[in-house]
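K.L.:
Let me begin by handing over the structure; questions about it come next.
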Amino acid sequence: MSYNPWLNTFFDEEGISRSDHLGVYREKVEPNPLDANLNLNNVYIIATNYTYSASELTTFCLRPYMNVVHVGDSTGGKYTASWTIHAYNTFPDKNGYNRVMTVYDESGLSEEEKFSLKNWAMQPIVAKYTDKNGIDFVDQGCLIPDYPVASQENNPSAWVAIGDSTDYLLAKAISLITGQTIMRSLPLSTRSMPSIKMKDAGLSSPKEERIRQSVNLDHIPFTPADLRKLRETKN
């Protein structure tokens with residue numbers, strides 16, 4: 001992790017490692033992540049312009065260790081890290097590990113002061129991450145695919161069930177791995193699509209509700225006409 005010059009100097013002078021913050025685990029509390037190592041030489045990762053943050057970190061930071069093949073589109077570009085800061089509450093987890101940094105010592109605040117501050121917090125961007133060789137992709141701004149695939153995310157007729165090998169992105173990845181072409185299934189417009197009854201809980205805007213319905217695992221009740229309405233819908 002690379003912070004601002006002041007923090008970098010402070011951590012280095014205090015002997016605080018900046019290279020293991022995203023790889024540490026608590027012994028006897030959490031499983032050793034190395035035990036989950038699959039010993040792969042190649043990994044195929046599907047990523048699009050909706051891919052951000054930890055997904056980009058995983059894709060980018062695996063590259064020094066193995067051959068990473070990126071299929072899809074350029075990613076969204078979030079190569080930074082943040083801290084959560086609350087006035088006084090550390091929000092410890094069930095194991096007592098503090099998840100939030102604080103500004104004040106809670107014991108020194110009155111109940112009135114705590115009440116006025118309890119709903120306020122900050123999430124400042126404080127660092128950028130690099131791979132094990134200190135390389136980042138800040139100047140590039142995103143991760144560029146090795147095998148670009150034109151997006152079909154706004155084309156309902158191209159949608160299939162999650163995990164369907166004929167999905168346009170998954171099919172490309174499988175073809176690269178096996179050397180065999182995966183045939184696309186019939187578009188949804190030619191399928192028999194039974195109606196799916198959903199009860200509106202009133203917790204989402206019309207636009208969000210439409211998007212939520214579009215991620216049904218199969219027989220997505222979404223047509224090109226619905227997509228046009230979605231684009232016209234405002235929160």
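The values are calculated or read from the model by the stated rules, or taken from the named source; none is laboratory data. These numbers come from a predicted model, not from an experiment. Every residue, glycine as well, gets a Cβ built from its backbone with ideal geometry; the counts of neighbours run over all protein chains shown.
K.L.:
Evaluate the following for residue 173: is it in the same structural domain as residue 50 (by TED's automatic domain parsing), at pLDDT 65 or above, of a type in the set (A, V, I, L, M) and under 30 Å from residue 40 (Cα atoms)? Before the answer, list the steps.
P.N.:
Details: in the same structural domain as residue 50 (by TED's automatic domain parsing): yes; at pLDDT 65 or above: yes; of a type in the set (A, V, I, L, M): yes; under 30 Å from residue 40 (Cα atoms): yes.
In short, yes.
K.L.:
Would you be able to say whether some residue in region 49-71 is within 30 Å of residue 27 (Cα to Cα), without any contact (Cβ under 8 Å) to a residue 12 or more places away in the chain and either of a type in the set (D, E, K, R) or not assigned by TED's automatic domain parsing to the domain that holds residue 168 (or both)?
P.N.:
No: zero hits.
K.L.:
Which one of these is touching a Pro at 6+ places or on another chain (Cβ under 7 Å), at positive phi and modelled with pLDDT of 90 or more: 72, 141? Before the answer, list the steps.
P.N.:
Details: 141 fails: touching a Pro at 6+ places or on another chain (Cβ under 7 Å).
Of 72, 141, the one residue that is touching a Pro at 6+ places or on another chain (Cβ under 7 Å), at positive phi and modelled with pLDDT of 90 or more is 72.
K.L.:
Looking at region 112-119, is at least one residue exposed (fewer than 15 other Cβ atoms within 10 Å of the Cβ) and either among the small types (Gly, Ala, Ser) or closer than 26 Å to residue 169 by Cβ (or both)? Full working, then the answer.
P.N.:
Applying the first criterion (exposed (fewer than 15 other Cβ atoms within 10 Å of the Cβ)) to region 112-119 yields 112-116, 118-119.
Now narrow it down to the ones that are either among the small types (Gly, Ala, Ser) or closer than 26 Å to residue 169 by Cβ (or both): 116.
So far as region 112-119 goes, yes, one or more of its residues are exposed (fewer than 15 other Cβ atoms within 10 Å of the Cβ) and either among the small types (Gly, Ala, Ser) or closer than 26 Å to residue 169 by Cβ (or both).
K.L.:
Would you please name the residue that is nearest to residue 171 (Cα to Cα), looking only at residues in region 64-85 that are β-branched (Val, Ile, Thr) and not in a strand (DSSP E or B)?
P.N.:
75
K.L.:
Another question about this same structure. Which of the residues belonging to region 150-170 are exposed (fewer than 15 other Cβ atoms within 10 Å of the Cβ), under 16 Å from residue 73 (Cα atoms) and more than 20 Å from the chain's Cα centre (by Cα)?
P.N.:
Those that are exposed (fewer than 15 other Cβ atoms within 10 Å of the Cβ), under 16 Å from residue 73 (Cα atoms) and more than 20 Å from the chain's Cα centre (by Cα): 150, 155.
K.L.:
What tally of residues in region 125-142 results from selecting those that are outside any loop (DSSP other than H, G, I, E, B) and in contact with a helix residue (DSSP H, G or I) (Cβ under 9 Å, 6 or more places away or on another chain)? First the steps, then the outcome.
P.N.:
So the first thing to find is which residues in region 125-142 are outside any loop (DSSP other than H, G, I, E, B), and the list is 125-128.
Those still in the list that are in contact with a helix residue (DSSP H, G or I) (Cβ under 9 Å, 6 or more places away or on another chain) too: 126-127.
Matching residues across region 125-142 total 2.
K.L.:
For region 98-124, give me each residue that is not small (Gly, Ala, Ser) and not in a loop (DSSP other than H, G, I, E, B).
P.N.:
Selection gives 98, 101, 102, 106, 111, 112, 113, 114, 115, 117, 122.
K.L.:
Taking the criterion of being crowded, with 16+ Cβ neighbours inside 10 Å and either small (Gly, Ala, Ser) or on the phi > 0 side of the Ramachandran plot (or both), would at least one residue in region 33-47 satisfy it?
P.N.:
Yes, the conditions are met somewhere in region 33-47.
K.L.:
Given the structure, is residue 167 of a type in the set (Asp, Glu), modelled with pLDDT of 90 or more and assigned by TED's automatic domain parsing to the domain that holds residue 89?
P.N.:
Spelling it out, it is not the case that residue 167 is of a type in the set (Asp, Glu), modelled with pLDDT of 90 or more and assigned by TED's automatic domain parsing to the domain that holds residue 89.
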